[in-house]
Amino acid sequence: MSKGTLFIISAPSGAGKSSLIQAYLKQQNLTPAKVSISHTTRLPRPGEKHGEHYYFVDNDQFNTLINSDAFVEHAHVFDHYYGTSKAEIEQSLAQGMNVFLDIDWQGAKQVQKIMPKAKTIFILPPSLAELEKRLIKRGQDSDGVIQKRMRKARSEMSHYNNYDYLIVNDDFNESLQSLSDIIKAAGLEQERQAERYQSLLTELLKE
């Protein structure tokens, strides 16, 4: 069985990365895929469930996980801690499943040091005005938090050139198609195809 591919997807809050990932997962794809579930110390938002959206833990539990080297990356974002389980990713990849990591550029750098074969994708909004409009429409944050996210967005977007792929999420369906194309192309790389068709290659090259 071929291993799955790890996809690191980053974007400023409100650019639409979570919506794109969820839309991709609803498609009928040849290779199964999942979103890695992160640990966080923030409280659940309405509708969020432990073990489905995040693993909600307190600060002491999070520090214990850090000390046991359980994370491939962890960060302090908007007054809360977030971390990605190393064991969960490795198990899913070994089962042939593609895994999505929805993390920021700092987390991406941490993961790439441990898993250099990961593919990285950055998603941009079509404009700052549209980004702010989406954050307001989402209805999850106060005006103060929205402005804080907008200030942080400029810093985050300056790191787009450290990623393998770039998607400008203006038209959602076009962006979803671009994401699907990137994932398909990654599965067709020579190394993966050679592993998948090892028996065929042996037969074709037999003297």
Those residues of the stretch 117-127 which are of a type outside the set (A, V, I, L, M, F, W, C) and either farther than 18 Å from residue 170 by Cβ or part of a strand (DSSP E or B) (or both) amount to 117, 119, 120
*Is there a residue in the stretch 11-26 that is closer than 28 Å to residue 173 by Cα, charged (D, E, K, R), at pLDDT below 95 and surrounded by fewer than 22 Cβ atoms within 10 Å (Cβ to Cβ)?*
yes
Going through the stretch 94-140 in order, the residues found to be acidic (Asp, Glu) and farther than 16 Å from residue 156 by Cβ are none
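Residue-by-condition table, conditions (1) surrounded by 13 or more Cβ atoms within 10 Å (Cβ to Cβ); (2) more than 22 Å from residue 20 (Cβ to Cβ); (3) polar (S, T, N, Q); (4) in contact (Cβ under 8 Å) with a residue 40 or more places away in the chain:
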| residue | (1), (2), (3), (4) |
| --- | --- |
| 110 | yes, yes, yes, no |
| 119 | yes, no, no, yes |
| 127 | no, no, yes, no |
| 160 | yes, no, no, no |
| 175 | yes, no, yes, yes |
| 194 | no, yes, no, no |
| 197 | yes, yes, no, no |
Any residue that is aliphatic (A, V, I, L, M), assigned to a loop (DSSP other than H, G, I, E, B) and free of Cβ contacts under 8 Å to residues at least 24 places away in the same chain - is there at least one of those in the stretch 178-190?
yes
Note on residue 147: of the conditions (1) in contact (Cβ under 8 Å) with a residue 40 or more places away in the chain; (2) in contact with a helix residue (DSSP H, G or I) (Cβ under 9 Å, 6 or more places away or on another chain); (3) in a helix (DSSP H, G or I), unmet is (1)
Whether any residue in the stretch 66-84 is in a loop (DSSP other than H, G, I, E, B) and crowded, with 19+ Cβ neighbours inside 10 Å is what I want to check. no
Scanning the stretch 27-49 for residues that are within 12 Å of the chain's Cα centre (by Cα) and either closer than 26 Å to residue 188 by Cα or of a type in the set (Gly, Ala, Ser) (or both), the one surrounded by the most Cβ atoms within 10 Å (Cβ to Cβ) turns out to be 38
When the stretch 39-65 is checked residue by residue, the ones that are more than 16 Å from residue 103 (Cβ to Cβ) and part of a loop (DSSP other than H, G, I, E, B) are 43, 44, 45, 46, 47, 48, 49, 51, 52, 57, 58
- Message: Tell me whether the stretch 128-140 contains one or more residues that are in contact with a Lys or Arg (Cβ under 6 Å, 6 or more places away or on another chain) and outside any helix (DSSP H, G or I).
- Response: no
Among the residues of the stretch 129-144, the number that are in contact (Cβ under 8 Å) with a residue 24 or more places away in the chain and among the aliphatic types (A, V, I, L, M) is 2
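The values are calculated or read from the model by the stated rules, or taken from the named source; none is laboratory data. All figures in this text were calculated on a predicted structure; none of them were measured in a lab. Note that each Cβ is placed from the backbone with ideal geometry, even for glycine, and that neighbours are counted across all protein chains shown.
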